[in-house]
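Written below as structure tokens is the structure these notes are about.
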Amino acid sequence: MTMRVAFCGTPGFSIPSLDAVVSAGHEVSLVVSQPDRKRGRRAAPTPSPLRSRALDLSLPTRCLERGRRSELYRELIDLDLDVVIVVAFGHIIREPLLSAARFGCLNVHASLLPRWRGPAPIHRAILAGDGQTGVCTMKLAEGVDTGDLYLRRATKIDESEDAGSLHDRLAQLGGEVLVETLRGLESGTLSATPQAEDGVTYAPLLERCEGSVDFGWSSRRIHNRIRGLHPWPATTVLLGDRGLKLGGSRVIEHRGSTAAPGTVVDLDDEMMSIACGEGIVGVATVQPAGRRAMTPAECARGSELSVGSVLRPMAGFCPRPEEL
């Protein structure tokens, strides 16, 4: 059956959900996104990834302009919608819009709620070393990610998966679960259930100052950090007085080292091995400031990087208090 929907979203994560809704044959009356942003010093304002996709699909769009929330809410309410879909919108929906549509506001969230409420659930799950995550569909309510749940779909986090690749997988999974939720709502076979009271954790936005690492930590924790911060803000360390981004990490299970944490103990064409407070972490790519990503061996041919080099956290590195 066809539902009359409005779709609110902004970044690329929301695109597979919009595509899934359109492919399922639902009527998208309006796509709402954050305002167009300038890219670069002289660039013209550019639509958000979601609005750009909506324009490609010839769907009507609006931007949520500062100070015009009430006006936009009235426009949405006047559309006589079955449901308002919200996927990574970047704006907290409030009344009267929460209850205006037939089925209210339906959200796709990239975690297994109540774990990782908040705006950065994908990164925080990897940083914490979680073995699985998933997506939920939820009926939006007052509060941040506190609404009742419709469907939860779990997926394993691969040991080598970083935040960028997990983001893309969950975006696709979110679209599938969203369409399944719409089907259940329309047929009357699906109802929302309250979130569990236990196991609540929060996923605050990443800050640029989090983008480094303390080599006094264990190799497992450092590996999770490198992949959890990719592609942004990335894990950057100091080699002398130059920044060096680390990528493609793995834990070297069969080796230990008596070298001081942060010391490069091995370096070849495939990997650089770095001593940690516990164990060794391997790194497959490095990116000196202002240059492309390369293998550690390539970097070593044009810099002071070598076995015995000591890598240090960036100045101003500020892990969150719960990580200390």
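The values are calculated or read from the model by the stated rules, or taken from the named source; none is laboratory data. As the structure is a computational prediction, the values presented were derived from the model and not from experiment. Every residue, glycine as well, gets a Cβ built from its backbone with ideal geometry; the counts of neighbours run over all protein chains shown.
Of all residues in the stretch 147-157, exactly one satisfies the criterion of being out of contact with any Lys or Arg (no Cβ under 8 Å at 6 or more places or on another chain), over 15 Å from His167 (Cα atoms) and not hydrophobic (A, V, I, L, M, F, W, C), namely Arg152.
Return the total of residues in the stretch 1-51 being modelled with pLDDT of 95 or more, of a type in the set (Lys, Arg) and not in a helix (DSSP H, G or I). Matching residues across the stretch 1-51 total 1.
Beta carbons closer than 6 Å, at least 6 apart along the sequence or on distinct chains, pair a first residue in the stretch 265-291 that is hydroxyl-bearing (Ser, Thr, Tyr) with a second that is not in a strand (DSSP E or B) for Thr285/Ala293. Residues that are surrounded by 14 or more Cβ atoms within 10 Å (Cβ to Cβ), under 26 Å from Met1 (Cα atoms) and either within 17 Å of the chain's Cα centre (by Cα) or of a type in the set (A, V, I, L, M, F, W, C) (or both) occur at least once in the stretch 187-199. For beta carbons closer than 8 Å, sequence separation of 6+ or different chains, a first residue in the stretch 131-149 that is in contact (Cβ under 8 Å) with a residue 12 or more places away in the chain and a second that is exposed (fewer than 14 other Cβ atoms within 10 Å of the Cβ) and among the basic types (Lys, Arg), the qualifying pairs are Gly131/Lys156; Gln132/Lys156; Glu142/Arg94.
Summed over the stretch 115-146, residues that are more than 16 Å from Ser165 (Cα to Cα), in contact with a helix residue (DSSP H, G or I) (Cβ under 9 Å, 6 or more places away or on another chain) and among the small types (Gly, Ala, Ser) total 3. Scanning the stretch 161-176 finds no residues that are over 22 Å from Pro16 (Cβ atoms) and surrounded by fewer than 15 Cβ atoms within 10 Å (Cβ to Cβ). Note on the stretch 237-269: residues that are among the charged types (D, E, K, R) and touching a helix residue (DSSP H, G or I) at 6+ places or on another chain (Cβ under 8 Å) total 3. Of all residues in the stretch 200-216, those satisfying the criterion of being within 15 Å of Met314 (Cβ to Cβ) and surrounded by 15 or more Cβ atoms within 10 Å (Cβ to Cβ) are Leu206, Glu210, Gly211, Ser212, Val213, Asp214, Phe215.
Val28 - would you say it is without any contact (Cβ under 8 Å) to a residue 60 or more places away in the chain, surrounded by 15 or more Cβ atoms within 10 Å (Cβ to Cβ) and aliphatic (A, V, I, L, M)?
yes
Of everything in the stretch 307-324 that is free of Cβ contacts under 8 Å to residues at least 60 places away in the same chain and either closer than 21 Å to Leu127 by Cα or surrounded by 13 or more Cβ atoms within 10 Å (Cβ to Cβ) (or both), the residue that is farthest from the chain's Cα centre (by Cα) is Val307. Only one residue in Leu205, Leu151, Leu182 is within 18 Å of the chain's Cα centre (by Cα), over 30 Å from Ala260 (Cα atoms) and among the hydrophobic types (A, V, I, L, M, F, W, C), so which one is that? When all the criteria are applied, what remains is Leu205. Scanning the stretch 233-262 for residues that are surrounded by fewer than 16 Cβ atoms within 10 Å (Cβ to Cβ) and either β-branched (Val, Ile, Thr) or not assigned by TED's automatic domain parsing to the domain that holds Thr295 (or both) yields one hit, Thr258. Within the stretch 155-179, residues that are without any contact (Cβ under 8 Å) to a residue 24 or more places away in the chain sit with their Cβ atoms under 6 Å from residues that are outside any helix (DSSP H, G or I) and crowded, with 18+ Cβ neighbours inside 10 Å, at 6+ positions apart or across chains, in these pairs: Thr155/Gly134.
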